[in-house]
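Q: Below is the structure I would like to discuss, written out as structure tokens.
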Amino acid sequence: MKLIPVILLCLLAFFVLLFVVPIRIICKIQTAGKVDFSLAVQVLFVRIPILPVKKRLPNIRKFRRGALERLYAKKQKKAEAAARKKEKKTQKKELKQKKQEDRAKKTGYTPKKRGVRHIIKLVLALTRALLGRFGRYLRVDIAYLEITAATGDAANTAILYGWLWAAMENFWNLLSKTRMFGRIRKDSISIYADFLAEKPSVRGKIIFSIALWQLFALLIAGGGAALSVETEARKNETAEQREARRRQEAEARAQVIRELKNR
């Protein structure tokens, strides 16, 4: 019996650790020669590669007659299932629209769609809520970033090299003091000049990290912002609209009660 509490405690510790441990998104890029870009997600010691997708050799057995016939039959069944699903969705939409029309006839109230002003307010509220928290939660770490200036002409390469240095200084002054980029060291960014190369190149490794509980906090903040905008829209409705809406809600509750009694 003592084993069960230990197992439950270990499961609780695992889920707590899963929520607290940051999820890392690792990006690697190298443009010298053949462009190489890789993207992977890492949690603790587990790394899941996303890009590039590994190319697999085609299975010759799939191109036999029997396999092709089975594949065709499977695709045909899938297409028929998708058509049935689409038809059910259309019928459900029509039934919902008919119920709304019947309800509008009984209550005398037709719910109005939100206008452009409401949509703009909703987008602005979500942007403020998400970007504010996203900037506090997300962490950016530059393991290395090497930028090579090259144009094929010595004078133009020197000009480009100076412009890159100025841009890097402005970038550092703007972002180094923010919480998101607080882990970046200035010596992680290097700028070189190659007077023999024809094109500039970039080589770098950038890591983005955020915890799972912070993602849930972002979702809750977005939901709260949307709810506040909807509440404000409810407050601004006229007395006639409010009374009609209440009649509609009362009729909907009565309809639900009638349906439950008939079962």
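Q: Could you list all residues from region 192-217 that are part of a strand (DSSP E or B), of a type in the set (A, V, I, L, M) and closer than 30 Å to ARG133 by Cα? Outline the logic, then answer.
A: Quick first cut of region 192-217, residues part of a strand (DSSP E or B) only: 192-193, 201-211.
Now narrow it down to the ones that are of a type in the set (A, V, I, L, M): 193, 202, 206-207, 210-211.
Correct list: ILE206, ILE207, ILE210, ALA211.
Q: Here is a follow-up. Of the residues that make up region 174-186, is at least one small (Gly, Ala, Ser), farther than 23 Å from GLN42 by Cβ, under 30 Å from the mean Cα position of the chain (by Cα) and part of a strand (DSSP E or B)? Can you show your working first?
A: We begin by selecting, within region 174-186, every residue small (Gly, Ala, Ser); these are 176, 182.
So of that shortlist, the ones also farther than 23 Å from GLN42 by Cβ come out as 176.
Restricting the remaining residues to those that are under 30 Å from the mean Cα position of the chain (by Cα) gives 176.
Filter once more, keeping what is part of a strand (DSSP E or B): none.
No, that holds for no residue.
Q: Does any residue of region 192-203 turn out to be among the hydrophobic types (A, V, I, L, M, F, W, C) and within 24 Å of the chain's Cα centre (by Cα)? Reasoning before the result, please.
A: From region 192-203, those among the hydrophobic types (A, V, I, L, M, F, W, C) are 193, 195-197, 202; that's our starting set.
Restricting the remaining residues to those that are within 24 Å of the chain's Cα centre (by Cα) gives none.
No, the conditions are met nowhere in region 192-203.
Q: Moving on to the next point. Using beta carbons and a limit of 9 Å, which pairs, at least six apart or on different chains, have the first residue in region 161-187 and free of Cβ contacts under 8 Å to residues at least 24 places away in the same chain and polar (S, T, N, Q) and the second one open to solvent by 50 Å² or more (accessible area, probe 1.4 Å) and assigned to a helix (DSSP H, G or I)?
A: Going by the 9 Å Cβ cut-off, the qualifying pairs are SER176/LYS186.
Q: Within region 19-78, which residues are at pLDDT 70 or above and among the polar types (S, T, N, Q)?
A: Hits for region 19-78 are GLN30, THR31, SER38, GLN42, GLN76.
Q: Filter region 124-158 for residues that are surrounded by fewer than 16 Cβ atoms within 10 Å (Cβ to Cβ), part of a helix (DSSP H, G or I) and of a type in the set (Gly, Ala, Ser) and give the result.
A: Within region 124-158, GLY132, GLY135, ALA154, ALA155, ALA158 qualify.
Q: If you don't mind, another one. Can you find even one residue in region 180-187 that is modelled with pLDDT of 80 or more and either over 30 Å from GLY132 (Cα atoms) or in contact with a Lys or Arg (Cβ under 8 Å, 6 or more places away or on another chain) (or both)?
A: no
The values are calculated or read from the model by the stated rules, or taken from the named source; none is laboratory data. It should be emphasised that the depicted structure is a prediction, and the values quoted were computed from it without experimental measurement. Heads up, the Cβs are rebuilt from the backbone with ideal geometry, glycines too, and the neighbour counts pull from every protein chain shown. For the accessible areas, the whole protein counts, side chains as well, though only heavy atoms, and no ligand, DNA or RNA atoms are used. Shrake-Rupley method; radii C 1.70, N 1.55, O 1.52, S 1.80 Å.
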